[in-house]
Amino acid sequence: MKITLTAIKADAGSIGGHICPSEQLLAAVEDTISRQGRGLIIDYSLNYTGDDVAILLTHDRGIDNERVHRLTWDAFLAGTEVAKTQGLYGAGQDLLKDAFSGNTRGLGPAVAEMEFEERPNEPFLMFTADKTEPGAYNLPLFLAFADPMHNAGLILSPAAGKGYLFTVMDVDYSEGDRVIELVTPENMYDLATLLRDNGRFVVESIHSRHDGGISVSCCTTRLRNIAGKYVGKDDPIMLVRTQKNFPATGEVLAPFEICHYVSGFMRGSHVGPLMPVKARSSVSFFDGPPIVSCLAFSVRNGILTEAVDAFDHPYWDWVREKAAQKAHDIREQGFSGAAMLGIHDLEYVGISHRLDALEDDFIVR
Ligand code: F6R
Ligand code: MG
Ligand code: MG
């Protein structure tokens, strides 16, 4: 059976600042999905990571389906209405355009979708991150799908050994989707050259070169391009089919133990380690650190199993401590140098206003 997974994530408002959504908000989202989704979708799972609500839908209507996207839009709107009545912070923050225009892509919510012929056993992962940007997945994906030093499965499995086709998007380009296709292992150095720049080049999808099947779909939304100014980091969502011709689940999870430094954190203007957290975690220290959660599912005829929390294991407690230490280490240097983003990636205008005001006071000796 051919099924579609649609994963959409948005901040519709949260308690106590940008911490997490309220139970009533989640109930309103769920109520809309279950009522309006009848006859349209096959199954759903509702979760949150930090201040973002994540809706996962299964259906047989293909990607970019207008009715399916409208359903999620209506669900976030219902959540936003509750957020307003409860005085939640940033109500409807990611619903950047007022009216639904047929497709949620490019409106504000982060979208990852894939359509595929279901395997007899179909495991997949849904990653949801908060206080960071889509390029945060670049390094873990490179290590899992292209680097045999991190993933010996690439040389152990003949199917994985055929390599992968990466589609990479230039998210700075706003006239259309500017993409490039690169294959591993042949184009590894070119791929690394692009993926080092998390703010500009983002992995959009990864396909197996063994059978052409899709493994990865990652959202490439850039809120700056949508709103014309920076309105918040893009808090990305990603779907990854695992096992057999694709890396194993554990091989996809393993690179997240690095807790690599990413853009985001407080005011979307700092650098912080990406901490793998349990599902339904909030953010705290310095509006962060940037977090990522991962739910594992199996699916048959579009029916989802219960979600299993992939980062709820004692091993990841140690990793979280390491991330906390890395967060502390970089926060120690405050505004200085590498601790903050460059001028073009700051989410607030205070610094550029100050620089403008100082302009006339400079003299050239
Ligand atoms: C980062 C984020 C928060 C806010 C911060 C200030 O993406 O959402 O760190 O930037 O809490 O929020 P405002 O400016 O709304 O008071
Ligand atoms: Mg927010
Ligand atoms: Mg968020």
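The values are calculated or read from the model by the stated rules, or taken from the named source; none is laboratory data. Remember, it's a predicted structure, so these values are computed and weren't measured experimentally. Glycine gets a Cβ as well: all are built from the backbone with ideal geometry, and neighbour counts include every protein chain shown. Protein only, heavy atoms only, side chains kept; ligands, DNA and RNA dropped before computing areas. Shrake-Rupley method; radii C 1.70, N 1.55, O 1.52, S 1.80 Å.
Quick look at the numbers
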item	result
Rg(Cα) / (2.2 N^0.38 Å) computed for the chain, rounded to two decimals	0.97
Amide H contacts of Thr49 (H built 1.01 Å from N, under 5 Å, at least 5 apart or other chain)	Ala54
Pairwise FRET efficiency - Phe335 versus Val364, Cβ, R0 = 41 Å, nearest 0.05	0.95
Peptides 31-43, 55-67 ordered by average Cβ neighbours within 10 Å, highest first	55-67, 31-43
Of the DSSP H helices in the chain, those whose Cα atoms cover at least 27 Å axially and whose Kyte score averages -1.0 or more	66-86
Backbone HN-Hα couplings from phi across the stretch 243-255 [Karplus 6.51/-1.76/1.60, Hz, Gly and Pro as x]	6, 6, 7, 10, x, 5, 3, x, 6, 6, 6, 3, x
Whole-angstrom gap from the stretch 309-331 to the stretch 173-212, using each part's C-alpha centre	28
Listed peptides 347-357, 3-13 by packing density, highest first (mean Cβ within 10 Å)	3-13, 347-357
Under 12 Å, Cβ to Cβ, from Thr184 - net charge with Lys/Arg +1 and Asp/Glu -1	-2
Of Lys9/Lys244; Lys9/Lys131; Lys84/Lys278; Lys97/Lys131; Lys244/Lys278, those spanning more than 18 Å from alpha-carbon to alpha-carbon	Lys9/Lys244; Lys84/Lys278; Lys97/Lys131; Lys244/Lys278
Contour excess over end-to-end distance, with Cα ends at His353 and Phe100 and 0.36 nm allotted per residue	87.7 nm
Long-range amide H partners of Asp43 with built H, under 5 Å	Thr58
By average C-beta atoms within 10 angstrom, highest first, the peptides 279-287, 181-189	279-287, 181-189
From phi via Karplus (6.51, -1.76, 1.60), per-residue ³J(HN,Hα) for the stretch 273-279 in Hz, x at Gly/Pro	x, 7, 9, x, 10, 5, 4
Span from the the stretch 16-95 Cα centroid across to the the stretch 233-260 one, whole angstrom	24
Carbon + sulfur, % of accessible area of the chain - ligands and nucleic acids excluded, 1.4 Å	52
